[in-house]
1. Taking amide H atoms as placed 1.01 Å from N in the peptide plane, list the residues 5 or more away in sequence, or in a different chain, whose amide H sits under 5 Å from that of B:ILE33.
2. What are the trypsin sites (Lys or Arg not before Pro) within the range B:254-335 that DSSP puts in a loop, where the Cβ has at most 15 other Cβ atoms within 10 Å?
3. Can you tell me which of B:VAL128, B:VAL297, B:VAL275 moves the most in a GNM of chain B? Springs connect C-alpha atoms under 10 Å apart.
4. Alpha carbon centre of the range B:203-250 versus the range B:100-163: separation in Å?
5. Taking only Cα atoms and a 10 Å spring cutoff, compute GNM fluctuations for chain B and point out the largest among B:ALA64, B:ALA286, B:ALA90.
6. How big is the C-alpha Rg of chain B next to the rule-of-thumb value 2.2 N^0.38 Å, as a ratio?
7. Given a 10 angstrom Cα cut-off, can you work out which residue in B:GLY264, B:GLY303, B:GLY206 is the most mobile in a GNM of chain B?
8. Take B:GLU279, project a point 7 Å from its Cα along the Cβ direction, then tell me which residues of the range B:199-239 have their backbone nitrogen under 13 Å from it.
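The numbers here are math on the coordinates, done by the rules we state, and not lab data. Given the structure is predicted, the values throughout are model-derived calculations rather than measurements. Cβ coordinates were reconstructed from backbone atoms using ideal geometry, including for glycine residues, and neighbour counts include every protein chain displayed.
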Amino acid sequence: MAACKTENGSERKLEFFLKVPFPSEREATIALQSLSPDPEPRKGGITKNLDLSGQTLSVRWTADEARILRVSVSSFLDHLSLVMETMDAFGPPVSQ
Amino acid sequence: MPVVIGFEGSANKIGVGIIRDGEVLSNPRRTYITPPGQGFLPGETAKHHRGVILTVLQEALDEAGLKAADIDCVAYTKGPGMGAPLVTVAIVARTVAQLWGKPLLGVNHCIGHIEMGRLITNAQNPTVLYVSGGNTQVIAYSERRYRIFGETIDIAVGNCLDRLARVIKISNDPSPGYNIEQMAKKGNKYIELPYTVKGMDVSFSGILSYIEDAAHKLLSTGQCTPEDLCFSLQETLFAMLVEITERAMAHCGSQEVLIVGGVGCNLRLQEMMGVMCKERGARLFATDERFCIDNGVMIAQAGWEMFRSGHVTELSDSWITQRYRTDEVEVTWRD
């Protein structure tokens with residue numbers, strides 16, 4: 001899931017992709033909206049993009065260093081599992 | 001009759017509270033307590049909150065005898081505070097707001113303290129002393145803003161007390177400040193410390209450096225006891241706070257003082273402030289530890305005021321922030 005790529009022959013960036021399936025599009029949307037508002041604590045050296053397609057939340061990271069990538073991914077997974085636990089305990093979503 | 005649920009977790013306390021028209025329906029809370037000599041770090045604090053927040057949320061609903069459908073609005077602490085714990089709590093607030101189909105409201109933590117203090121004490125228009133481990137501000141309301149009249153230029157007064165507790169390795173249970181207060185009662189030797197009021201503002205980091213140094217020297221030579229240090233530090237810090245509060249009162253012509261924030265539980269501080277108020281013919285208001293110390297229902301109460309006056313926070317704007325000035329919020333619910 002992590003790949004090294006050279007861009008412009010001078011930069012090495014690490015990439016990490018994550019695809020998270022949800023039982024419904026609604027729940028995937030809820031997860032996206034809960035996880036996207038906060039900025040990355042570390043301003044430089046990492047980017048993170050969240051996207052939604054159908055029932056799947058996809059996340060894409062690019063980072064300069066493995067250490068920075070690991071911290072961000074680890075943190076995201078903690079937050080993701082918190083969202084899922086919350087949905088388990090207090091869901092299902094009410095009908096709109 | 002809106003019912004608002006509030007989530008608070010900006011420091012080491014995680015609380016969820018429910019309020020309906022000024023009536024506290026529930027206010028459970030947990031505190032992350034570290035071993036003596038240690039403070040609390042963001043990552044570990046966030047981990048603590050993550051572990052208990054859903055339990056506390058369920059407790060809040062159960063104690064209030066309510067179901068999700070009964071809630072009208074979900075309020076949470078947008079800031080200021082420690083980043084990681086704030087994010088943890090915000091994530092749960094956002095998720096339940098969406099699950100339950102309710103509007104979300106990001107609340108300023110300081111304003112939460114002020115609004116809860118106003119509700120509980122019924123103070124009309126007080127000069128507010130907001131003192132905690134993370135904040136030290138003197139605030140007065142004027143023209144739709146809670147204006148900061150004076151504040152610490154470096155660390156909060158509670159932080160100074162907590163750091164002394166670490167040096168002398170006293171227990172953090174239930175809180176370092178509480179244990180310092182108890183020890184101070186048994187102190188009788190006054191050790192002279194720097195007194196650093198800067199006009200309307202105060203500075204504590206110099207006093208901290210001084211007392212950390214003095215603690216090592218004096219304790220090892222037996223020239224004083226830890227109780228004496230606690231006593232001396234409290235007397236100095238609290239006298240400074242009383243001074244800047246009085247200065248703000250004189251500027252505003254105010255006849256009421258409201259103390260909020262965790263350090264506001266301290267009875268010696270209340271006593272000293274009471275003496276000054278009596279001299280000026282002013283009234284002192286304070287709350288007990290249920291509401292002084294960070295809690296969920298204070299966020300719910302501020303959220304209730306904001307919700308009634310038309311505020312709502314869009315999900316995309318619901319990011320947390322470690323820095324959030326008290327005067328950044330437009331107080332549309334007061335004249």
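1. none
2. On the way: sites: B:ARG268, B:LYS278, B:ARG280, B:ARG283, B:ARG290, B:ARG308, B:ARG323, B:ARG325, B:ARG334; in loops: B:ARG323, B:ARG325, B:ARG334.
Here the sparse-neighbourhood loop sites are B:ARG323, B:ARG325, B:ARG334.
3. For chain B, modelled as a Gaussian network with Cα springs under 10 Å, the answer is B:VAL275.
4. 23 Å
5. Answer for the Gaussian network model of chain B: B:ALA64.
6. Values: Rg = 19.7 Å, N = 335, 2.2 N^0.38 = 20.0 Å.
Working it through for chain B, the quotient is 0.98.
7. B:GLY206
8. Counting backbone N atoms under 13 Å from the label point, the list is B:239.
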